[in-house]
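Each value in this text was obtained by applying a stated rule to the coordinates, not by laboratory testing. Predicted, not measured: the structure shown is a model, and the values here were computed from it. Cβ atoms come from the backbone with ideal geometry, glycine included; neighbour counts cover every protein chain shown.
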Amino acid sequence: MTKFAGKNVLITGSASGIGRLMTQKIAARGANVIIWDINLPGLESLSKQIEQWGYKTPACYQCDLSDRDAINENAQRVLAEQGEIDILINNAGIVSGKPLVELSDEMIERTFSVNTLSLFRTTRAFLPGMMARNSGHIVTISSAGGLIGVPRMTDYSASKFAAVGFDDSLRVELKRFGYDGIRTTVVCPFYINTGMFKGVKTRFPWLLPIMEPEDAVNKIISAIEKNKQRLVMPPFAMVTYPGRILPLSLFDRLADFVGINNSMDEFTGRGE
């Protein structure tokens, strides 16, 4: 099992949403938590809260995950000030929620910078230390939107498909080169009720529920601890895998029927 106690755990996108909740729960397990986010006040309030609870105070680093230089500079600071990272949780993500023709180049590029390219940049920064010890764990928070395309999510779904491919290739690459002590976990949740996807809807809540953050984070942490390589939430979302053998017309009709293709129709997001 992957144990958090005494380990250096870096979590990106920590100031809000499931990143904030993961930080709280992992700190409670005795980890040395290092938190990254562009929102410095959010990081500082989280750090103060955890300290008040009596756990080790997290180390805060303001970092724009869309900025290659910011990632590299913060990574060097972390290595110098905190030491090698044992568990890297690539959690940061953004969503536009617009049809393709309404997306600007800047929106598309930022989505890919945060949701995809940051995975490469953070992992390249901290993987060499894991390789030297043949020990570590890299967690990629993707999405069920990385298993099936959704209207108004062309940039988001594509970036999350890439995140799944990143994890797939990294997992087998590490095994191929003999680093069997480095674990990987990819997480593909349906919508989570954090505000990021405010306004989304589900036709069959008993089949594809909008998950509550507490439940989602508990499942994610359990998957990391158990070295589970893939976590898809809820289980029904796994039908995307066998569904791919269907003709696309039938696959699209299935997605229509369960409400996936209109789930973003009333999306508002956080309004940021």
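With a threshold of 22 Å on the Cα-Cα distance, the over-threshold entries among LYS48/LYS219; LYS3/LYS25; LYS175/LYS219 are LYS48/LYS219; LYS175/LYS219.
Entry note, the chain: the mean residue ellipticity at 222 nm calculated from DSSP H runs of n ≥ 4, each adding -39500 (n - 2.57), is -13000 deg cm²/dmol after division by the residues and rounding to the nearest 500.
Take the Cα pairs of the chain, get the Kirkwood Rh, then feed it into Stokes-Einstein at 25 °C and 0.890 mPa s and tell me D in µm²/s. It diffuses with D of about 129 µm²/s by this estimate. What the phi angles of the stretch 249-263 give under the Karplus curve with 6.51, -1.76 and 1.60, with θ = phi - 60°, is a coupling list of 4, 6, 4, 5, 5, 5, 5, 4, 4, 7, x, 5, 6, 10, 5 Hz, glycine and proline written as x. For the peptides 113-124, 216-227, 14-25, 43-54, the ranking by mean Cβ contacts within 10 Å, running from highest to lowest, is 14-25, 113-124, 216-227, 43-54. Taking Cα atoms only, the orientation of helix 68-81 departs from the longest principal axis of the chain by about 40 degrees. Working note: Cα gyration tensor of the stretch 214-272, eigenvalues times five, square-rooted, sorted largest first, giving semi-axes of 26, 21, 8 Å.
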